[in-house]
Amino acid sequence: MAIELVKTYFHTFGRDTDILEFPVSSATVELAAQAVGVEPARIAKTLSFYAPAESDGEEPSALLIVTAGDQKIDNSKFKHVFGKKAKMLAGEDVERLTGHAIGGVCPFANPSRTAVYLDQSLKRFATVFPAAGSSNSALELTCEELEHFSHAIGWINVCKPIA
């Protein structure tokens, strides 16, 4: 299971015991907020897209954007940053390209070609709760810790509030 990969990854930092596992699902923002006991905006949801190909015929890879739970992708901002229209991963590609099943996709312990970006919407919180590789897990991190542990390429602004 992917959660075991995430635990092993965080063990190298002495943080594997910080991973929270719930007896209920945390697969959606709303369920995760209930499980953790915080407002939905503090759930750091990881959205998975096809990364722009660097060359023709290149095997697809994932582009992950971690954003606050009350945000959604703004297509014009996405295109401005990445030079292409946002195309979410098809269900059958999610686990293969991210290393995690739907409901547990997170920015940790991903395949080496996975690009991770963090959306500015997270910075308004002292701590946030990303998933930890399963549909019933999370961990609490500061934005600086999230940036460090996710090996994020950088902070971007590609989201807008959910109406």
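At-a-glance table
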| read-out | value |
| --- | --- |
| Solvent-accessible area per residue, Å², over the chain with all protein chains present [probe radius 1.4 Å] | 50 |
| Helical contribution to [θ] at 222 nm, DSSP H n ≥ 4, -39,500 (n - 2.57), averaged over the chain, rounded to 500 | -7000 deg cm²/dmol |
| Highest-first arrangement of 13-21, 140-148, where packing means the average Cβ count within 10 Å | 140-148, 13-21 |
| Lys160-Ala53 pseudo-label distance in nm [points 7 Å out on the Cα-to-Cβ vector] | 3.0 |
| Ile102 paired with Leu5, simple spin-label distance in nm, labels 7 Å along Cα-to-beta-carbon | 1.8 |
| The chain: Lys pairs at Cα distance under 13 angstrom, eight or more positions apart or on different chains | 5 |
| Percent carbon-and-sulfur accessible area, region 35-163, ignoring ligands, DNA and RNA, probe 1.4 Å | 50 |
| Relative contact order %, the chain, counting alpha carbon pairs below 8 Å whose residues are six or more apart | 29 |
| Local electrostatic count, Val128, Cβ distance below 10 Å [Lys/Arg +1, Asp/Glu -1] | +2 |
| Listed candidates (i) 35, 15, 13; (ii) 64, 36, 19; (iii) 23, 18, 14 - label of the one calculated as semi-axes √(5λ) of the Cα gyration tensor in Å | (iii) |
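The values are calculated or read from the model by the stated rules, or taken from the named source; none is laboratory data. Keep in mind that this is a model prediction, so the values were computed, not measured. Reconstructed Cβ throughout: ideal geometry from the backbone, glycine too, with neighbour counts over all protein chains shown. Heads up: the accessible areas ignore ligands, DNA and RNA and are worked out on the full protein's heavy atoms, side chains in. Shrake-Rupley method; radii C 1.70, N 1.55, O 1.52, S 1.80 Å.
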